[in-house]
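Visitor: Right, I'll just put the structure down here and ask away after.
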Amino acid sequence: MDNNLKHKNIIEAVKEELTCSAHNLDHVFRVYKLCSFIANHEKDVDLEVLIPAALLHDIGRVKESKDNTGEIDHAVLGAEMAGEILKSLDYSNNEIDKIKHCITSHRFRSGNEPKTIEAKILFDADKLDVIGATGIARTFMLAGQFGQRLTSDEETSEYLSHNTVENGRIKDVSKHTPFIEYELKFKKIPSKLYTNKGKEIGEKRIAFMEEYFTRLKEEINGI
Ligand SMILES: [Fe+2]
Ligand SMILES: [Fe+2]
């Protein structure tokens, strides 16, 4: 089976798992494009590891969100699911192990740090997709779902004292706002990225967000 056909089969398998959440699938394709772009600026990237990993990285997402126990980590489960699909497509054990490492380590919380260049690129691409213009759009889409306001009247420090519990987790998601999310989470993303190109894109995306949220606050204050 040639590589293009393998990728097509992977996309079909991913679509089947993620069709009930179209935005997840759009995210997968944006991450795939960012991975290809960053890979062009890095040396010795194995695209036969990176491309399948990018396409498969969130395959466990829907299963995680449907799970009420809170025990499923889509990065860990996704790696297992991906392994089965890759086996059926004749990927070698060596390739499968490398792809699985990328998937397990793509998540901040999983505690598994990305060790290979392919895993580092996937990590960066995945995080870059939550910032910049795309990040603003995604955050407001989510804010709409949870009935949040555009900004709150209080400072971030005041907010932190009453709407977060241990580990910075949010108590009441309806009281959260896109601006707070930006202040607490998004701003820190570029410093956590691994590749030079990823960091560069991250800085640009954060500069754009900074300008946007400053302007939003001005408008809310009647300026
Ligand atoms: Fe993910
Ligand atoms: Fe993702």
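Visitor: Out of all the residues in the range 92-110, which are among the β-branched types (Val, Ile, Thr) and within 15 Å of ligand 1 (Cβ to nearest atom)?
Guide: ILE99, ILE103, THR104
Visitor: Ok, one more. Out of curiosity, is ASN40 open to solvent by 60 Å² or more (accessible area, probe 1.4 Å) and of a type outside the set (Gly, Ala, Ser)?
Guide: Yes.
Visitor: Going through LEU47, LEU89 one at a time, which residue ends up being in contact with a helix residue (DSSP H, G or I) (Cβ under 8 Å, 6 or more places away or on another chain), free of Cβ contacts under 8 Å to residues at least 40 places away in the same chain and over 20 Å from GLY111 (Cβ atoms)?
Guide: Result of the check over LEU47, LEU89: LEU47.
The values are calculated or read from the model by the stated rules, or taken from the named source; none is laboratory data. Owing to the predicted nature of the structure, the values given are computational and were not obtained by experimental measurement. For neighbour counting, all protein chains shown are included, and Cβ atoms are generated from backbone atoms with ideal geometry for every residue, glycine included. Please note that ligands, DNA and RNA were not included when accessible areas were found on the heavy atoms of the full protein model with its side chains. Shrake-Rupley method; radii C 1.70, N 1.55, O 1.52, S 1.80 Å.
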